[in-house]
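Student: Encoded as structure tokens, here's the structure I'll be asking about.
Values in this text are rule-based calculations from the coordinates and carry no lab data. Worth saying up front: this structure is predicted, and the values here are computed from it rather than measured. Note that we place each Cβ from the backbone using ideal geometry, even for glycine, and neighbour counts take in every protein chain shown.
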Amino acid sequence: MLEKIDKYFNNELSLSERQGFEIQLVKDKELKENVSFYLNTRTAAKQLADDKRRGEFEELRKKISLKPQESGKIKPMIWLSGLAASIVLVVGFWWFSRTPDLATDVLADTYIQENFQNLPVKMDASADSLQMGLRLFNEQKLSEAQIVFENILKRKYSDSEATKYAGITALRLKNYNEAIQYFKLLASQKDLFANPGKFYQAITLLQQSPINKKEAEVLLKEVIDDDLEGKEEALKMLK
Amino acid sequence: MNFFSRGTLSDETILSGIVSDGILQRNTENKLYEQYFYFIKDATFKHKILDDEAASLYTDSVLAFIENVRSNRFQGNSAVKTYLYQIFSNKCVDFIRKTATNKMSVHETESMDDSVFMMPDDTKNILQKLISENEVTILNVKVKQLGEKCQQMVLAWSEGFTDNQIAQELGYQSANVAKNSRLRCLDKLRELYKS
């Protein structure tokens, strides 16, 4: 019965079926109860969804509020307006010249969330350390995963896979300086078929606060010019 | 979608981002929230309300805006900023008026399910009577007792996501599979509700 109700509210019934449904609704107690359940559930769930989103926005608000902002009471004295205008111009120029596009970090965020939530694991249940680290990463045990990758690097400092994953894990842990170091190490390895080191460095720079946009742009340009891994995304970012 | 044209998201990017899926949708909504965050400060000066009150009204305004975009009630006849500001301003005025007459929780009113509005008058009257605040409160608790996946699915459905979008977001093979799972979740919920 729920399926029919669902079709009714999704406009998936023919005109005659709709009319039949509406006539039945007047006299059929069971249908009425089910429609009541359906509508009340949707209202209840919407409230929960809104509450959840409200909580997320509140978190965001706290984050925004923590950012340094100009404060102070408004002084209505006219003689100060010239000085205030000058300050606004200077601050505005400084802010405009150093603040990256809001959208830049949207794309970097999106890339990280789309690509660094789960890392590819071999399906053969092999017990090697790298696979163990990746499984821990995918279980969101990031600190434990990092220890595993670091132990591999202690044994074999030039292991490109371990270097890459150590960097990604550091990035996910918001240890940006550490992540950049790993990605620099990765980028310096010249014998790799595909090397995303520079591209990863760039997106890490876009995550840092304050965001180092200029350096990120230089790196993205190098990724494009040298035809490196991440070129397509870099092109989108510099469009 | 050109993210890099300006320092703020364009109206077009905001609108297409809100109706997209998953992470991009969430990020766009967060950026929208951030982009017009200064409305809060404006309202504390203009309407003489507390920062927390203005923030709460702003959050409700953003949620209302998102809902209007998803349900196609926002036709794009005005700029996003103008439209959002209008919603926010109305909520502030409403809040002040209700506070002055000691009638709080202005922005917590029950919203009628959108689909009910579109029904013929006779049916609409019947359906309106079927929506009960008490039942909603009980179901609110029961939804939380569902498994995580079912909960995600029911919440996404309530927010107006299509089965196709739900399938993509939650990793189902097709819209049809997502729909069947969703209806099974509703069946489970009904059992919980009756128990």
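Student: Sticking with the crude label model, points 7 Å out along Cα→Cβ, report the distance from B:Arg70 to A:Leu83 in nm, one decimal please.
Tutor: 5.0
Student: Ok, one more. Roughly how crowded by other chains is peptide B:31-40, in terms of the mean Cβ count from those chains within 10 Å of each of its Cβ atoms?
Tutor: On the way: counts 6, 0, 6, 7, 1, 0, 5, 2, 0, 3.
Partner Cβ neighbours, averaged per residue: 3.
Student: When the Cα centres of the stretch B:129-172 and the stretch A:142-196 are compared, how far apart do they sit, in Å?
Tutor: After rounding, the separation between the Cα centres reads 40 Å.
Student: Distance check, please: which entries in B:Lys129/B:Lys188; A:Lys32/B:Lys129; A:Lys164/A:Lys214; A:Lys214/B:Lys81 exceed 18 angstrom between their Cα atoms?
Tutor: Values: B:Lys129/B:Lys188 24 Å; A:Lys32/B:Lys129 10 Å; A:Lys164/A:Lys214 23 Å; A:Lys214/B:Lys81 30 Å.
Pairs exceeding the cut-off: B:Lys129/B:Lys188; A:Lys164/A:Lys214; A:Lys214/B:Lys81.
Student: Would you mind checking the stretch A:153-184 for residues with the amide N under 14 Å from a putative spin-label position 7 Å along Cα→C-beta of A:Glu59?
Tutor: Correct set: none at all.
Student: With r as the distance between the Cβ atoms of B:Ala100 and B:Ser20 and R0 = 35 Å, compute the FRET efficiency 1/(1 + (r/R0)^6) and round to 0.05. Please report the intermediate quantities before stating the final value.
Tutor: Details: r = 41 Å, r/R0 = 1.18.
Calculated value: 0.25.
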